[in-house]
Amino acid sequence: MPVRPPRLVVIGGGPGGNQAATTAARLGADVTIVERDVIGGAAHLWDCIPSKAMIATGNAMSFMHRSPGMGLGELDAAVDVDALKRRIADILEHLKRSVVDLLTSQGVHIVRGTGRLLDAHTVGVDTGAGAGDGAGNGELRLEADLVVLSTGTRPRIPPWAKPDGDRILTTRQAYPPPMIPSHLVVVGSGVTGVEFVHMFRSFGAQVTLIVSRQQVLPDRDPEVAAALEEDFLRRGVNLLKGARAEAIEREGEGVAVKCDDGRVARGSHALLAIGSVPNSDGLGLEAAGVEVDDRGFISINNHCQSSVPHIYAAGDLSGKLPLSSVAAMQGRKIAEHAMGLHTRQHRHLDYDKAAQAIFTEPEIAEVGVHEAEAFASGRKIRVTKVPFAANAKALINDDPRGFVKIVSDPYTGVVLGGAIVGRHAAELISVVALAVTAGLRLTDLLDSLLVHPSLAESLADAAD
Ligand SMILES: Cc1cc2nc3c(=O)[nH]c(=O)nc-3n(C[C@H](O)[C@H](O)[C@H](O)COP(=O)(O)OP(=O)(O)OC[C@H]3O[C@@H](n4cnc5c(N)ncnc54)[C@H](O)[C@@H]3O)c2cc1C
């Protein structure tokens, strides 16, 4: 009797779900993906891509402002909000189309609707009134041998704020906002918050950043955070440190953000960038016996399996590093595991080796072991650091800000991590990420014949 391929149902079409679907289909599974909104992923297409598109526009403006340093006269430009909207819409349309093309080319069935587990082997899909299985109730039933849950997250809205999409905004209401704010108050100084500060300051807005601790980017290398703070202060960003927002109110044509220490930040608009909550409610997890942690994220093991072994979780919903790259890698690992490939060539996903970037100016990128964390834990490391001011290409670019730092094992020379602050840091960190993943040594970087002049030469210098 012919053996039928395993039926895999994915709920959520973001990078986690897409990657699981395409890889599993390529490996021979019969795959259906259920998406209620936009194939490509809400966080990916509503957050990640528009924010980077707006930052790229902001960077183009900053480059213009620095034109005299490049031997040009004064250049200037104002943001054309309509053109910016069109630009973002075009990029999103292109990306959405290519994800759909990729899925269909692999034979993945796409079902539009809201999915939930009816039991551990059945996914119900609400396809909307009048659609679905012909019974008029808009409900499809999909039998599944394997399930991937990858429904992502949504912005966290605290009880003391009521976003109105006009003056008080969540991150998803800011692409682009109804107008470029004259004075934006950003609540939250993590990665998302600082990227918005950079973006709107580049567009010419006054910006106040509420920093609940004494350092922006509280979880990052203090030297990296200090470099960013210095740049923010140089660009006239107002930092309100040690202040926790506890109320946001409309005041005429503006807003007032009240802090727990009595300070009030006033501006034309306020933006909340204080994290996300998982889209795990309404997923039928209890019906299937899938456990969540105390914040509602699905608990997973090394193979991304939930408490029910044939039900996996990928992406932000798994409560691991909330990055598109991590979501996609989890999706791939899930497909390999589900299709039995892990026994031959599977490598566990090591979240500690994920390269991460912050698209501010200067750009920031990190991977692997952090210098400060290693010292705090008593781990012996070697740290080498070189400034871009010593790099010919940085001088040619008229942008010598920042540095390259490489963390290695003092006994073996194996590269353990790195941090880069400066132009193209997000691209340059790939080399360090490869070294960390492949266990390369400083000498491997040093012996590479690199392009001259290039910013990458600073990597070799830092390896010396
Ligand atoms: C402002 C911002 C900027 C970011 N920038 C970056 C960046 O530069 N680089 C980076 O790597 N990461 C970035 N991220 C993080 C990144 O966007 C997420 O980590 C990534 O999108 C997670 O992918 P996912 O597949 O888990 O979820 P998502 O992309 O959120 O996709 C989940 C999908 O599931 C669908 N869904 C939900 N519930 C159901 C249901 N019941 N039935 C059917 N479908 C459902 C949703 O509609 C959505 O399409 C950023 C995040 C934010 C907030």
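Which residue, of Pro410, Pro453, is touching a helix residue (DSSP H, G or I) at 6+ places or on another chain (Cβ under 7 Å) and at pLDDT 95 or above? It would help to see each step written out before you state the result.
Values: Pro410 fails: touching a helix residue (DSSP H, G or I) at 6+ places or on another chain (Cβ under 7 Å).
Exactly one residue qualifies, and that residue is Pro453.
Right, His303: surrounded by fewer than 22 Cβ atoms within 10 Å (Cβ to Cβ) and either closer than 28 Å to Ile420 by Cβ or among the hydroxyl-bearing types (Ser, Thr, Tyr) (or both) or not?
Numbers: surrounded by fewer than 22 Cβ atoms within 10 Å (Cβ to Cβ): yes; either closer than 28 Å to Ile420 by Cβ or among the hydroxyl-bearing types (Ser, Thr, Tyr) (or both): no.
So His303 fails the test.
Only one of Pro159, Pro218 is outside the structural domain of Lys320 (by TED's automatic domain parsing), out of contact with any strand residue (DSSP E or B) (no Cβ under 8 Å at 6 or more places or on another chain) and within 22 Å of Val264 (Cβ to Cβ); which?
On the way: Pro218 fails: within 22 Å of Val264 (Cβ to Cβ).
Only one candidate passes the filter, namely Pro159.
Condition test on Val197, is it in contact with a helix residue (DSSP H, G or I) (Cβ under 7 Å, 6 or more places away or on another chain), buried (at least 23 other Cβ atoms within 10 Å of the Cβ) and at pLDDT 95 or above? It would help to see each step written out before you state the result.
On the way: in contact with a helix residue (DSSP H, G or I) (Cβ under 7 Å, 6 or more places away or on another chain): yes; buried (at least 23 other Cβ atoms within 10 Å of the Cβ): yes; at pLDDT 95 or above: yes.
Against the criterion (in contact with a helix residue (DSSP H, G or I) (Cβ under 7 Å, 6 or more places away or on another chain), buried (at least 23 other Cβ atoms within 10 Å of the Cβ) and at pLDDT 95 or above), Val197 qualifies.
Does Ser306 count as within 16 Å of the ligand (Cβ to nearest atom), touching a residue at least 60 places away in the same chain (Cβ under 8 Å) and touching a His at 6+ places or on another chain (Cβ under 8 Å)? Quick ask: steps written out before the conclusion?
Details: within 16 Å of the ligand (Cβ to nearest atom): yes; touching a residue at least 60 places away in the same chain (Cβ under 8 Å): yes; touching a His at 6+ places or on another chain (Cβ under 8 Å): no.
Here the answer is no, as Ser306 does not meet what is asked.
Going by the structure shown, is Leu323 within 16 Å of the ligand (Cβ to nearest atom), over 20 Å from Gly422 (Cα atoms), at pLDDT below 95 and not assigned by TED's automatic domain parsing to the domain that holds Val404?
Working: within 16 Å of the ligand (Cβ to nearest atom): yes; over 20 Å from Gly422 (Cα atoms): yes; at pLDDT below 95: no; not assigned by TED's automatic domain parsing to the domain that holds Val404: yes.
Taking the combined requirement at face value, the residue does not satisfy it.
Out of the residues in segment 103-139 meeting the condition of being crowded, with 19+ Cβ neighbours inside 10 Å and more than 12 Å from the ligand (Cβ to nearest atom), tell me which one is modelled with the lowest pLDDT.
It comes out as Gly132.
What is the number of the single condition among (1) more than 16 Å from the ligand (Cβ to nearest atom); (2) surrounded by 16 or more Cβ atoms within 10 Å (Cβ to Cβ) that Val81 does not meet?
Status for Val81: all satisfied but (2).
Is it the case, given these coordinates, that Lys385 is crowded, with 19+ Cβ neighbours inside 10 Å and at pLDDT 95 or above? Quick ask: steps written out before the conclusion?
Values: crowded, with 19+ Cβ neighbours inside 10 Å: no; at pLDDT 95 or above: yes.
No, not satisfied.
State yes or no: is Arg213 surrounded by 21 or more Cβ atoms within 10 Å (Cβ to Cβ), among the basic types (Lys, Arg), outside any helix (DSSP H, G or I) and at pLDDT below 95? Spell out the reasoning first.
Numbers: surrounded by 21 or more Cβ atoms within 10 Å (Cβ to Cβ): no; among the basic types (Lys, Arg): yes; outside any helix (DSSP H, G or I): yes; at pLDDT below 95: yes.
Answer is no for this residue.
Give segment 191-246 a look and list any residue that's among the basic types (Lys, Arg), over 27 Å from Ala53 (Cβ atoms) and touching a Lys or Arg at 6+ places or on another chain (Cβ under 9 Å), or say none.
Filtering segment 191-246 down to residues among the basic types (Lys, Arg) leaves 201, 213, 220, 234-235, 241, 244.
The next check asks that each one be over 27 Å from Ala53 (Cβ atoms); those that pass are 213, 241, 244.
Answer for segment 191-246, where residues must be among the basic types (Lys, Arg), over 27 Å from Ala53 (Cβ atoms) and touching a Lys or Arg at 6+ places or on another chain (Cβ under 9 Å): Arg213, Lys241.
Looking at segment 36-60, which of its residues are farther than 14 Å from Glu93 by Cβ and either over 14 Å from the mean Cα position of the chain (by Cα) or of a type in the set (A, V, I, L, M, F, W, C) (or both)?
Hits for segment 36-60 are Arg36, Asp37, Ala42, Ala43, Cys48, Met54, Ile55, Ala56, Thr57, Gly58, Asn59, Ala60.
So which residues in segment 6-26 are surrounded by fewer than 24 Cβ atoms within 10 Å (Cβ to Cβ) and within 11 Å of the ligand (Cβ to nearest atom)?
Passing the criteria: none in range.
Please enumerate the residues belonging to segment 30-43 that are crowded, with 24+ Cβ neighbours inside 10 Å and either under 10 Å from Val108 (Cα atoms) or away from the ligand (no atom under 11 Å from the Cβ) (or both).
Within segment 30-43, Val31, Ile33 qualify.
Applying the selection to segment 326-365, what residues are modelled with pLDDT of 90 or more and hydroxyl-bearing (Ser, Thr, Tyr)?
Passing the criteria: Tyr351, Thr360.
Any residue at all in segment 179-198 that's at positive phi and away from the ligand (no atom under 12 Å from the Cβ)?
Just the residues of segment 179-198 that are at positive phi, to begin with: 188.
Checking which are away from the ligand (no atom under 12 Å from the Cβ) leaves us with none.
The answer is no; no qualifying residue exists.
The values are calculated or read from the model by the stated rules, or taken from the named source; none is laboratory data. Everything numeric in this text was worked out from a predicted model, so none of it was measured. Every residue, glycine as well, gets a Cβ built from its backbone with ideal geometry; the counts of neighbours run over all protein chains shown.
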